[in-house]
Amino acid sequence: MSAVRPGRRPLEVATVSRRNRLGRLLWQIVWLTLYRPSPVMLHGWRRMLLRAFGAVIEPHAKPYPNVRIFAPWNLTMREGSCLGRDVDCYCVAAVELGAYSTVSQYSFLCTASHDVEHPDMPLVVAPITLGADVWVAADVFVGPGVRVGDGALIAARATVVRDVEAWTVVVPAAARVVGVRQSVRRRRIGTRAGDPAPPAG
């Protein structure tokens, strides 16, 4: 079963095995005791831990200590790529960072969702692929199935649910006026309902 949506790869129903659950439990123990407390500069130590759990981590990749990685065996980091502070890498399906790509702080790489058209709302997944020299700026959401081409830049707080072409710049919607609010004078602390409003000025 799959749901094909334009502009990104199809979502497939996920199956979660007992072995998968056990692997994630063991990884959580290692993450809490050995990965998360490690000093920031010890990227080599964290690369080793991730490789021990099946991740493909190339030289000079920089996985920061407080990155949350759901299933390391689904993670590929090419040479010089970076997962920054407080990134949430929800790699239920595969996540790949191209060479020298950076995902900045607080961003969320989300490979899973739920099929809301099915009565049981099963878990559905699709991989995320970032090309080489991509910059995902702070607090960006990247959804399941998205492919980001080489050299693309995704500005802070953008939501990306469709593929992004190479060497393009994606920005979130700017704030805009959608209505006018009536002027309301709030009651000051210490006054009672029914008291006259304080003078203006």
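The values are calculated or read from the model by the stated rules, or taken from the named source; none is laboratory data. Bear in mind that the values here come from a model prediction, so they are computed numbers and not experimental data. Neighbour counts run over all protein chains shown; Cβ positions are idealised from the backbone, glycine included.
Give the residues of region 18-42 that are hydroxyl-bearing (Ser, Thr, Tyr) and more than 21 Å from the chain's Cα centre (by Cα), sorted by residue number.
At the first step, the residues of region 18-42 found to be hydroxyl-bearing (Ser, Thr, Tyr) are 33, 35, 38.
33, 38, listed by residue number.
Any residue that is within 16 Å of the chain's Cα centre (by Cα) and in a loop (DSSP other than H, G, I, E, B) - is there at least one of those in region 116-125?
First, the residues of region 116-125 that are within 16 Å of the chain's Cα centre (by Cα): 125.
Pick out the ones that are also in a loop (DSSP other than H, G, I, E, B) and you get none.
No: region 116-125 contains no residue that is within 16 Å of the chain's Cα centre (by Cα) and in a loop (DSSP other than H, G, I, E, B).
Between a residue in region 44-58 that is without any contact (Cβ under 8 Å) to a residue 12 or more places away in the chain and any residue that is surrounded by 16 or more Cβ atoms within 10 Å (Cβ to Cβ) and of a type in the set (A, V, I, L, M), which pairs come within a Cβ distance under 7 Å, given they are 6 or more apart or on different chains?
51/57
Determine which single condition residue 76 fails, assuming it passes every other condition in (1) at pLDDT 95 or above; (2) among the hydroxyl-bearing types (Ser, Thr, Tyr); (3) in a loop (DSSP other than H, G, I, E, B); (4) under 30 Å from residue 163 (Cβ atoms).
Here residue 76 meets the rest and fails (3).
Taking residue 105 as meeting all but one of (1) at pLDDT 95 or above; (2) not in a loop (DSSP other than H, G, I, E, B), write down the number of the exception.
For residue 105, the failing item is (2).
For the structure I just gave you, tell me whether residue 99 is surrounded by fewer than 22 Cβ atoms within 10 Å (Cβ to Cβ), small (Gly, Ala, Ser) and on the phi < 0 side of the Ramachandran plot.
Spelling it out, residue 99 is indeed surrounded by fewer than 22 Cβ atoms within 10 Å (Cβ to Cβ), small (Gly, Ala, Ser) and on the phi < 0 side of the Ramachandran plot.
If only one of 174, 156, 138, 132 is free of Cβ contacts under 8 Å to residues at least 60 places away in the same chain, among the aliphatic types (A, V, I, L, M), assigned to a loop (DSSP other than H, G, I, E, B) and exposed (fewer than 14 other Cβ atoms within 10 Å of the Cβ), which one is it? Please lay out each step first, then the result.
Values: 156 fails: exposed (fewer than 14 other Cβ atoms within 10 Å of the Cβ); 138 fails: exposed (fewer than 14 other Cβ atoms within 10 Å of the Cβ); 132 fails: exposed (fewer than 14 other Cβ atoms within 10 Å of the Cβ).
The conditions single out 174.
Could you please tell me which pairs satisfy a Cβ distance under 7 Å, a separation of 6+ or placement on different chains, a first residue in region 12-33 that is in a loop (DSSP other than H, G, I, E, B), and a second residue that is among the hydrophobic types (A, V, I, L, M, F, W, C)?
14/92; 14/112; 14/123; 14/124; 14/125
(1) touching a Leu at 6+ places or on another chain (Cβ under 7 Å); (2) farther than 24 Å from residue 35 by Cα; (3) modelled with pLDDT of 95 or more: which one isn't true of residue 124, the others all being true?
Residue 124 satisfies all of (1) touching a Leu at 6+ places or on another chain (Cβ under 7 Å); (2) farther than 24 Å from residue 35 by Cα; (3) modelled with pLDDT of 95 or more except (3).
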